[in-house]
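The values are calculated or read from the model by the stated rules, or taken from the named source; none is laboratory data. Worth saying up front: this structure is predicted, and the values here are computed from it rather than measured. Neighbour counts are summed over all protein chains in view; Cβ atoms, including those assigned to glycine, are modelled from backbone coordinates with ideal geometry. These accessible areas exclude ligands, DNA and RNA; they are computed on the full protein's heavy atoms, side chains included. Shrake-Rupley method; radii C 1.70, N 1.55, O 1.52, S 1.80 Å.
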Amino acid sequence: MELLPRSPGDFGSARYWDRFFRQRGQRPFEWYGAFPELCPVLHKYVRPRDKVLVVGCGNSELSEQMYDMGMCEDIVNIDVSDTVIRQMQERSGSRRPKMSYVLMDMLQMDFPDAQFQVVLDKGTLDAILTDEEEATLAKVDKMFAEISRVLQVGGRYLCVSLAQAHVLKKAVEYFSQEGWVVRVHQLASSRDKQQFVLPVFVYVMTKFRKIPGSAPQILEICPEEQDKPMRVESAERLVAAVKDRQHYALLCSQLSKTPCGEQVSLDLCDKESGKPRYTLHVVDSPSVKPSRDNHFAIFIIPQGRETEWLFGMEEGRRQLAASAGFRRLVTVALHREQHYEGMAGIQAELSGKVMELAPPGLPARQQVPFLSVGGDIGVRTVQHRDTSPLSGEYVVEDVKGDGSCYFRRLIFLHNRNVVQSEARLLAPMPPPGQKKRRKDKKKPSPAEPPAAIDKSYLCCEHHKAMVAGLCLLGGPDPLPGSPLAVLVVGLGGGSLPLFIHDYFSQAHVAVVEIDPSMLEVSTRWFGFFQGDRMRVHISDGLDYVAKLATEAQYDAIMFDVDSKDLTVGMSCPPPAFVEKPFLQKVKIILKPEGVFVLNLVCRDARLKESVLATLREVFPLLYARRIEGEVNEILFCQPSPEGQRDPTELGARAQALEGALRQPGRPWDSSYVLADMLQAVKIL
């Protein structure tokens, strides 16, 4: 039995629907769900004394169930199919005396104006608006005009739809321009069995008298998990919000059927503000042997630690999932703009939502564990937030790391998963003569991190490698007491130039920074300062180097400058800094036995190979040090091939330098081993 139409246009044909209902017989055909799914929304907008018009009623049981459940009784059902109207008149009979079935075309209705308080449409608009041809749109305009005519002011047009973009856009634009209030509800889906993979929506168009002039549009969306509607600013934004929910439904459907080959990422947004509240990554580990208790788990990443390799990188999350021993792990990152009520509050908030991401084969009523590091959600305190004309919006925040250490971080919000600069905070010491707190006294709150910067600690592994590169400088014994002229392009929080200044007592450090806001941030929040041996020049690094390109004057030149252009596959440095003409200028201002150190962050393999080839053309001697677990690669470039050293010799020189830097009374991070940094280099 062939029930499908030969063309989309048949959906608007009375002949097609007569044939459809003759062949289908008395079996109800429910478009987009039955009464139980629709009831929660209908109860909000249909009152018992309302006069209701159902357009394109078909043989759905919806009107009968609304009548029988006492929702309302004065219901008029119309359809263009004589066959279905006769069927429904016979089926309803005299059992529902206040409800009627009438053969009528909704494009030319016989009812007087303002006859109804509610017009209900279950799939009819979707059946008519199958394309955006001129004839189709004209038919829909006629339908909307008739609905508007027969509705009273204050009446509601309730349209149940799959909300295809062109259908939703047409309905929203038409009625909002008429001055109606438009609200879109997402129906709660059946957890046992969904007739449609895509979610079902109900458009609620409330009729108001049109106000002359440009009255503001009132457009709202009400997701399935909340009753309070969210206001949106435009029809385009409303369509986009619906599309997001449709994509989410498709994703959940796919994840419930098959393991995901690649990691899936999605944001869950705050109900009030609409801003991202949680970022979820779904990680499957097919190699983990299945058992009853290892199907599925949720891992809450402590605040401030989402940038760590284990949590922030795809390979790190894959390793985390495998070590946790679950076939599917969902990692959850918490956003800095949001407030959280501890682990229990997060678990209560996410329990229902994460179950929509459950893997295939999850046993019924299986308890899904929530995991974390240390059992808490971490500490994050935003100390400063501002916007720079050059760097965009940024934050300075203190976070609790692994153990009891606190760290201060600078993060550019256009790339919020990358820590731009980081410094360890020192635990506060009591003033001289003051005794330590007694054990029974109130302890300081764990949410109050210390404020002093530990300048002896280099948080970033690539900074450690860059400092270790000073071992490549000429001379038999590169001691920290030797005169040293260093140029650093890119200030950030200032930890790299500060370390060189403090540990190389005869070093004169020139820092070039294009963004004056960063000088203010580094000075106020990261303990940076200027003096006789440390000067900052607010300038474009390209211009600064070009002006100096007349003579060799620097022992070491270091580039640690980020790119603002996220469309390029290289985030550090900007492409102009590795073009051959500019690199030749860098070589001019570098002393013959000096070293040029470049922090390269490039995910584009072809672009990276091109950069390396250009560097080799300019600098005959090139070493590379890959930073484990990160994209960063530190390149050490020298202008003469005669100074080439093998990794063993470099390790020995690094060990000698480290011994000289470890002076009595001077703090030194014991985890920082210069020799380890250079023994892993390779000559390119």
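Can you give the relative contact order of the stretch 258-371 as a percent, counting alpha carbon pairs under 8 Å and 6+ residues apart? Don't jump to the answer; show the numbers that get you there.
Numbers: 172 pairs, mean separation 36.7, N = 114.
Relative contact order comes out at 32 percent.
Could you run the Karplus curve 6.51 cos²θ - 1.76 cosθ + 1.60 with θ = phi - 60° over the stretch 371-376 and give me ³J(HN,Hα) per residue in whole Hz, x for Gly and Pro?
Along the stretch 371-376, the couplings run 10, 6, 9, x, x, 10 Hz.
Using the Karplus curve 6.51 cos²θ - 1.76 cosθ + 1.60 with θ = phi - 60°, what ³J(HN,Hα) values do you get for each residue of the stretch 85-95, in whole Hz, with x for Gly and Pro?
Listing the rounded values in order: 5, 5, 4, 6, 5, 5, 5, 7, x, 9, 6 Hz.
Beyond 17 Å, what share of the Cα-Cα pairs of the stretch 258-371 is found? Please give it as a whole percent.
Summing the P(r) tail past 17 Å for the stretch 258-371 gives 53 percent.
Dipole magnitude of the chain about its Cα centre, charges +1 at Lys/Arg Cβ and -1 at Asp/Glu Cβ only, in debye to the nearest 20?
On the way: 84 positive and 87 negative charges, 367 e Å.
It comes to approximately 1760 debye.
Going down the list Lys289/Lys400; Lys51/Lys275; Lys51/Lys353; Lys353/Lys564; Lys564/Lys585, which pairs span over 32 Å between their C-alpha atoms?
Going by Cα-Cα distance, Lys289/Lys400; Lys51/Lys275; Lys51/Lys353; Lys353/Lys564 fall outside the 32 Å limit.
Using a 10 Å cut-off on Cβ atoms, rank the peptides 141-151, 174-184 from the highest mean neighbour count down. Please report the intermediate quantities before stating the final value.
Numbers: 141-151: 18.1, 174-184: 20.1.
In decreasing order of mean packing, 141-151, 174-184 become 174-184, 141-151.
Give me the percent of the accessible area of the stretch 258-371 that comes from carbon and sulfur atoms, probe 1.4 Å, all protein chains in place. Before the final figure, lay out each step's value.
Details: 2750 of 5370 Å².
Its accessible area is 51 percent carbon and sulfur atoms.
Order 548-559, 575-586 from most to least packed using the mean count of other Cβ atoms within 10 Å.
Numbers: 548-559: 18.7, 575-586: 16.6.
Highest to lowest by the protection proxy: 548-559, 575-586.
With both partners inside the chain, how many of the DSSP beta bridges are antiparallel, as a percent to the nearest 5?
On the way: 65 of 116 bridges.
The answer is about 55 percent antiparallel.
Quote the relative contact order of the stretch 218-309 in percent (integer), defining contacts as alpha-carbon pairs under 8 Å separated by 6+ residues.
Details: 64 pairs, mean separation 15.0, N = 92.
Worked out over the stretch 218-309, it gives 16 percent.
Once each part is reduced to its C-alpha centroid, what is the distance from the stretch 365-398 to the stretch 558-628 in angstrom?
32
Compute the accessible area per residue over the chain, keeping the other protein chains in place, probe 1.4 Å, unit Å². All intermediate terms of the calculation are to be shown ahead of the outcome.
Numbers: 32470 Å² over 684 residues.
Per-residue value: 47 Å².
Distance check, please: which entries in Lys142/Lys169; Lys98/Lys169; Lys210/Lys271; Lys169/Lys207 exceed 26 angstrom between their Cα atoms? Intermediate values should be presented prior to the final figure.
Working: Lys142/Lys169 16 Å; Lys98/Lys169 36 Å; Lys210/Lys271 31 Å; Lys169/Lys207 18 Å.
In this structure, Lys98/Lys169; Lys210/Lys271 exceed 26 Å between Cα atoms.
Just how far, in whole angstrom, is the stretch 328-348 from the stretch 72-144 if you go by their alpha carbon centroids?
47
Would you kindly find the accessible area of Trp309, with a 1.4 Å probe and non-protein molecules such as ligands, DNA and RNA excluded, rounding to the nearest 10 Å²?
Trp309 exposes around 80 Å² with every protein chain in place.
I'd like the Karplus ³J(HN,Hα) series for the stretch 324-335: coefficients 6.51, -1.76, 1.60, θ = phi - 60°, whole numbers in Hz, and an x wherever there's a Gly or Pro.
Result, rounded to whole Hz: 6, x, 10, 6, 9, 10, 10, 8, 10, 9, 9, 8.
On a full-extension model of 0.36 nm per residue, what is the gain between Ser388 and Gln367, subtracting their alpha-carbon distance, rounded to one decimal in nm? Numbers along the way, then the final one.
Details: separation 21, 0.36 × 21 = 7.56 nm, distance 4.72 nm.
Full extension from Ser388 to Gln367 adds 2.8 nm.
What ranking, highest mean first, results for peptides 365-372, 328-335, 487-494 when packing means the other Cβ atoms within 10 Å averaged over each residue? List each step's numbers first, then the result.
On the way: 365-372: 12.9, 328-335: 23.6, 487-494: 26.5.
Per-residue Cβ counts within 10 Å, averaged per peptide and sorted highest first, yield 487-494, 328-335, 365-372.
Find how much the distance from Ser273 to Glu630 grows on full extension, using 0.36 nm per residue of separation minus their present alpha carbon separation; answer in nm with one decimal.
On the way: separation 357, 0.36 × 357 = 128.52 nm, distance 3.35 nm.
Residue separation times 0.36 nm, minus the Cα-Cα distance, leaves 125.2 nm.
Can you list the aspartates and glutamates whose alpha carbon is less than 20 Å from that of Lys257, not counting same-chain residues fewer than 8 positions off?
By straight Cα distance, Lys257 reaches Asp192, Asp284, Asp293, Glu356.
Amide H of Leu484: which non-local residues (sequence gap of 5 or more, or other chain) have their own amide H closer than 5 Å, using H built in the peptide plane?
Here Ala507, His508 satisfy the definition.
Multiply the residue separation of Asp293 and Lys564 by 0.36 nm, subtract the distance between their alpha-carbon atoms, and state the gained length in nm to one decimal. Present the calculation step by step, with values, prior to reporting the outcome.
Values: separation 271, 0.36 × 271 = 97.56 nm, distance 4.58 nm.
Between Asp293 and Lys564, full extension yields an extra 93.0 nm.
Given the DSSP H assignment, sum -39500 (n - 2.57) over each helix run of at least 4 residues in the chain and divide by its residue total; what's the result at 222 nm in deg cm²/dmol, nearest 500?
On the way: 19 runs with 206 residues, N = 684.
Result for the chain, helices only: -9000 deg cm²/dmol.
In terms of the ratio Rg/(2.2 N^0.38 Å) built on C-alpha atoms, what value belongs to the chain? Write out the running numbers ahead of the final one.
Details: Rg = 33.9 Å, N = 684, 2.2 N^0.38 = 26.3 Å.
Cα-based Rg divided by the globular estimate yields 1.29.
Are there any GluC sites (Glu not before Pro) in the stretch 249-352 that are in a DSSP loop and have at most 11 other Cβ atoms within 10 Å? List them by number. Don't skip to the end; give the middle numbers.
On the way: sites: Glu262, Glu272, Glu306, Glu308, Glu314, Glu315, Glu337, Glu341, Glu349; in loops: Glu262, Glu272, Glu306, Glu308, Glu337, Glu341.
Of the GluC sites (Glu not before Pro), the ones in loops of the stretch 249-352 whose Cβ has at most 11 other Cβ atoms within 10 Å are Glu262, Glu272, Glu341.
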